[in-house]
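Taking it in order: structure first as structure tokens, then the write-up.
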Amino acid sequence: MNDSRYNAAGTAGAGRRDATAAIAPLAQPESPAEPLRVCVERALEAYFARLDGETAKDLYSMVLAEMEAPLLETVMRHAEGNQCQAAAMLGINRGTLRKKLKQYDLLG
């Protein structure tokens, strides 16, 4: 997959993409029963450890983009491309789903 699809509105810098790519393997669950929250926490701790003195910037939107794009992709796949069904699964309206799919270049 193209890394730019995971950045909100194409605003992420290369350094942030590099940092998040480096922590991606750490976000894998250690067991099937491990909550997603623990995976995210472990990935964020690794991210902070790898900042090497740099200050974290725009962390909130980075984390949302890193989580939201794969969430949308996965739900759309499970809904077999049906946007109405995917929106219902996500608990959002179809218009919001379409907006988010556009934002992450996931339409088409």
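Looking only at the range 87-108, count every residue that is of a type in the set (A, V, I, L, M, F, W, C) and in contact (Cβ under 8 Å) with a residue 12 or more places away in the chain and tell me the total.
Number satisfying all stated conditions: 5.
So, of the residues in the range 43-55 that are assigned to a helix (DSSP H, G or I) and over 14 Å from GLU66 (Cα atoms), which turns out to be farthest from the chain's Cα centre (by Cα)?
The qualifying residue farthest from the chain's Cα centre (by Cα) is ALA49.
For the range 49-69, enumerate the residues that are of a type in the set (A, V, I, L, M, F, W, C) and under 27 Å from LYS100 (Cβ atoms).
Answer for the range 49-69, where residues must be of a type in the set (A, V, I, L, M, F, W, C) and under 27 Å from LYS100 (Cβ atoms): ALA56, LEU59, MET62, VAL63, LEU64, ALA65, MET67, ALA69.
Name the pairs whose Cβ atoms lie under 6 Å apart, with the first residue in the range 61-73 and touching a residue at least 24 places away in the same chain (Cβ under 8 Å), the second open to solvent by less than 30 Å² (accessible area, probe 1.4 Å), and 6 or more positions between them or separate chains?
SER61/ALA8; ALA65/ASN7; ALA65/ALA8; GLU66/THR20; ALA69/TYR104
When the range 59-82 is examined, which residues are found to be within 14 Å of the chain's Cα centre (by Cα) and open to solvent by 90 Å² or more (accessible area, probe 1.4 Å)?
TYR60
Which count do you get for residues in the range 67-108 that are among the aliphatic types (A, V, I, L, M) and not in a helix (DSSP H, G or I)?
4
The values are calculated or read from the model by the stated rules, or taken from the named source; none is laboratory data. Computed from a predicted structure; not experimentally measured. Positions of Cβ are generated from backbone atoms using ideal geometry, with glycine treated the same way; all protein chains shown enter the neighbour counts. Areas reflect the complete protein model, heavy atoms only, side chains present, ligands, DNA and RNA absent. Shrake-Rupley method; radii C 1.70, N 1.55, O 1.52, S 1.80 Å.
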